[in-house]
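Every read-out reported here was derived from the displayed coordinates using simple, explicitly stated rules and does not represent laboratory data. Just so it is clear, the model here is predicted, and its values are computed rather than measured. With ideal geometry, Cβ positions are generated from the backbone for all residues, glycine too; neighbour counts draw on all protein chains shown.
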Amino acid sequence: MNTILINAIRFVALPCLLAAGAAQAQSAGECPMLPSDSGLTWRQLDGPDFTFCKAIRISDESEQFAVMLSSQSSFDPQRRNRAEESSIDGHPIYWYRSEIASSPDVQVRETLVELADGRVAHISLRAADQTALNSALQEAESIRFRGPQLSSN
């Protein structure tokens, strides 16, 4: 009887622990929050004045998008490069087209979100085609920042 009870507790506790670990991984440190059903997790790198967050698909370890949180960004959005209009965490944004010289067929998008604490979030993504781009944009637009509300750029 005691062995059955212990096995039952293990059977119930393991999924709970795994779920808790997944939830924690999806909201790692300074990185924005990911939806719990996104299938993504963060890989975070902290520097002296920045936090770099890569959203990684759990199933195949592919990078979906990246967020750089810092006091300022080297990305300078140009109106002529505006592409999609959208919102992140309830605030309107524009995605801007960019390119990679060595990979001209890759679709690249970037945007900036100014955070209430004075930092900026530079969000970037790369996609092989329009379908992958649409998916990555949707995933990036689903993140939520912690703390006070944001202003947008």
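Per residue of region 48-62, what does 6.51 cos²θ - 1.76 cosθ + 1.60 with θ = phi - 60° give for ³J(HN,Hα)? Whole Hz please, x for Gly and Pro, Karplus curve as stated.
Working through the residues one at a time gives x, 9, 7, 10, 10, 10, 10, 7, 10, 6, 4, 5, 9, 6, 7 Hz.
Need one number: nm distance between label points at Val120 and Gln138, each 7 Å from Cα along Cα→Cβ, rounded to one decimal.
Spacing of the two 7 Å Cα→Cβ label points: 3.0 nm.
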